[in-house]
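Trainee: The structure is given below, and queries will be raised subsequently.
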Amino acid sequence: MNELESGLDHHSLITSEEQKKRYRELMTVVKDEYADVSKNEVQRAICADEEAIKEALRQLHRQVKAYTKRKR
């Protein structure tokens with residue numbers, strides 16, 4: 001997300017400052033939403049039993065692995 005935001009200044013199709021401002025605002029919304037989802041996942045795992053914690057970690061591992069391979 002940080003790379004997307006920093007790339008706004010160099011993107012050839014995004015020329016107006018208004019567009020850049022709008023995209024930066026949207027990135028802020030995305031970051032906030034991601035932080036909320038992450039917090040909820042951690043809270044749910046902490047309140048869960050050991051097996052649920054293991055499953056949450058497996059999910060996180062899959063997500064990080066997919067991200068690093070640029071897959072969904």
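Trainee: What pairs come up if the first residue lies in the stretch 49-70 and is among the charged types (D, E, K, R), the second is open to solvent by 100 Å² or more (accessible area, probe 1.4 Å) and at pLDDT below 85, and their beta carbons are under 9 Å apart, counting only those six or more places apart or on different chains?
Mentor: Cβ pairs passing all conditions: Lys65/Lys71.
Trainee: In the set Ser12, Ser16, Ser38, which member is within 15 Å of the chain's Cα centre (by Cα) and free of Cβ contacts under 8 Å to residues at least 40 places away in the same chain?
Mentor: Working: Ser12 fails: within 15 Å of the chain's Cα centre (by Cα); Ser16 fails: within 15 Å of the chain's Cα centre (by Cα).
Result of the check over Ser12, Ser16, Ser38: Ser38.
Trainee: Tally up the residues in the stretch 27-53 that are surrounded by 11 or more Cβ atoms within 10 Å (Cβ to Cβ), modelled with pLDDT of 80 or more and of a type in the set (Lys, Arg), please.
Mentor: Looking only at the stretch 27-53, we keep the residues that are surrounded by 11 or more Cβ atoms within 10 Å (Cβ to Cβ), and these are 27-28, 30-31, 34, 38, 41-42, 44-45, 48, 52-53.
Now narrow it down to the ones that are modelled with pLDDT of 80 or more: 27-28, 30-31, 34, 38, 41-42.
Cutting the leftovers down to of a type in the set (Lys, Arg) gives us 31.
Adding up the residues that qualify gives 1.
Trainee: Can you name every residue in the stretch 1-26 that is open to solvent by 80 Å² or more (accessible area, probe 1.4 Å) and either under 20 Å from Tyr67 (Cβ atoms) or assigned to a loop (DSSP other than H, G, I, E, B) (or both)?
Mentor: Hits for the stretch 1-26 are Met1, Asn2, Glu3, Leu4, His11, Ser12, Leu13, Thr15.
Trainee: Out of curiosity, is Arg70 open to solvent by 90 Å² or more (accessible area, probe 1.4 Å) and not in a helix (DSSP H, G or I)? Even if it seems obvious, please write down each step before you answer.
Mentor: On the way: open to solvent by 90 Å² or more (accessible area, probe 1.4 Å): yes; not in a helix (DSSP H, G or I): yes.
So Arg70 passes the test.
The values are calculated or read from the model by the stated rules, or taken from the named source; none is laboratory data. Since the structure is predicted, the reported quantities are computational estimates derived from the model, not experimental observations. Methodologically, a virtual Cβ is constructed for each residue, glycine included, from the backbone with ideal geometry; neighbour enumeration extends over all protein chains shown. Remember, those area values only see protein heavy atoms, side chains included, never the ligands or the DNA or RNA. Shrake-Rupley method; radii C 1.70, N 1.55, O 1.52, S 1.80 Å.
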